[in-house]
Amino acid sequence: MKKESKLNIGVISCSGMARNHMYAVKDYAGASIGAVCDIDKAKADEAAKMYSVENVYTDYRELLKQDDLDAVIICTPDQLHREMAIDALNAGKHVLCEKPLALTREDLGAIKEAADKSDKKFMVGQICRFTPGFVKAKELIDQGEIGELFFVESEYAHDYSHILSPGNWRTDPLRHGVVGGGCHAVDLLRWIAGDPYEVTAYSNCKMLPQYSTDDCTIAILRFPKDVIGKVFVSIGCKRDYTMRSVFYGSKGTIIADNTTPHLTVFKDDVAQGDAFFDKLERHSTPILYPVTLSDHNTIGEFKEFADIILQDKPVTMTAAEGAATISVCLSIVESADSKKTLAVKY
């Protein structure tokens, strides 16, 4: 596709998150929304009116028949991703699929196989890779600002109690909290520290007795280069939503999350000859790096997707990447259920 082309995008689902994606498409000068789809016709009509979209569907298969659509964004419940993603690729569309890519290893494999066979771009929406605080943290780590990593941790703390109505798609036993939401924390640590190869996990269910799986999980992970990691997931905790993450290195520490307008950094060599910093006590004086607040940066995510298509760039968040993250999540669940230390099964 030539760089000067303009993408025509179909959005499957008109949920709140789907509308965030629609806003991102509208924000991108080289794209437009060519169709929307939702099984709830009223919801689809409302979104179409909001974003001035002419083509409205209640069946995604009909949307995929629209020849002038270059790509689709899939924002439906996780259980539907396999069928929709494969159908979209077979229809000749580029695909941006929301996380988690799928809920089972079988579905992960099927999507990856279809993406590998297709000549279309397939990107998984691991949106934390576009959160300004986490992007800055990775940049500092990659630059060696805190030296060699030795311990990394991330948490997904999000009270689901107000959204778990009877029949809600999140209550599916396959959608364990670690897979559905905790995949954010797992993907973040994979992005920064690499692929973990061993896990020991523990879990319980104290907060959401109506939920079909344990609602609190802690996992200890072993990463390459002898880095240790920890993931904490609670979907019933009584606190504000956060993805607080900490990265410990031989020369300093970075504390980051997706709801604070700065990073907190402690460094061993904070002075570096500066007269002001020379007077400060090392290690205990925080440096605050200002960052933009955007905990669901769909604008940055869609820009990456659109640029990949229009400029024929390689995809970084491939189906294989999305499958690897969920493979770690599934291994965490399996470790907690079996009460055993397990090798991560990719």
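Miscellaneous remarks
- Accessible surface, per residue, of the range 100-140 when the full set of protein chains is kept, probe 1.4 Å, Å²: 35 Å²
- DSSP beta bridge pairing in the chain, given as percent antiparallel to the nearest 5: 55 percent
- 22 Å Cα-Cα threshold exceeded, pairs from 138/225; 26/93; 93/313; 99/251; 230/345: 99/251
- Restricting the calculation to alpha carbons of the chain gives Rg and Dmax of 21.0, 68 angstrom.
- Overall, the ratio between the Cα radius of gyration of the range 29-83 and 2.2 N^0.38 Å, rounded to two decimals, is 1.12.
- With a 1.4 Å probe rolled over the protein heavy atoms of all chains, the accessible area of 155, 106 falls in the order 106, 155, largest first.
- Under the convention that each Lys and Arg Cβ holds +1 and each Asp and Glu Cβ holds -1, the size of the dipole of the range 183-244 around its Cα centre is about 220 debye.
- Accessible-area ranking of 138, 251, largest first, probe 1.4 Å: 251, 138
- Ranking 246, 85, 191 by how far each Cα lies toward the positive end of the dipole of the chain (charges on Cβ) leaves 246 at the top.
- On the chain, 51 percent of the accessible area sits on carbon and sulfur atoms, based on a 1.4 Å probe.
- For the range 1-141, a crude dipole built from +1 on the beta carbon of Lys and Arg and -1 on the beta carbon of Asp and Glu, taken about the Cα centre, is about 540 debye to the nearest 20.
- When the chain is treated as a Gaussian network with alpha carbon springs shorter than 10 Å, the biggest mean-square fluctuation among 116, 307, 67 belongs to 67.
- Cα centroids of the range 161-226 and the range 7-62: 30 Å apart.
- Seen from a random direction on average, the alpha-carbon convex hull of the range 8-102 projects onto 5.3 square nanometres.
- Considering only 134, 47, 94, the residue lying farthest towards the positive end of the dipole of the range 44-166 is 94, judged by Cα position with unit charges set on Cβ.
- Cα centre as origin, Lys/Arg/Asp/Glu Cβ charges: the chain dipole, Debye: 240 debye
- Probe 1.4 Å, all protein chains present, accessible-area order of 295, 78, largest first: 295, 78
- Only Cα pairs under 8 Å and 6+ residues apart enter the sum, and on that basis the relative contact order of the chain stands at 20 percent.
- Summarised as an ellipsoid, the range 168-211 has semi-axes of 24, 13, 8 Å, derived from the eigenvalues of the Cα gyration tensor scaled by 5 and square-rooted, with the largest first.
The values are calculated or read from the model by the stated rules, or taken from the named source; none is laboratory data. Not measured: the values here are computed from a predicted model. Don't worry about glycine lacking a Cβ; one is built from the backbone with ideal geometry, like all the others, and counts go over all protein chains shown. To get the accessible areas, we keep the full protein, side chains included, count just its heavy atoms, and leave off ligands, DNA and RNA. Shrake-Rupley method; radii C 1.70, N 1.55, O 1.52, S 1.80 Å.
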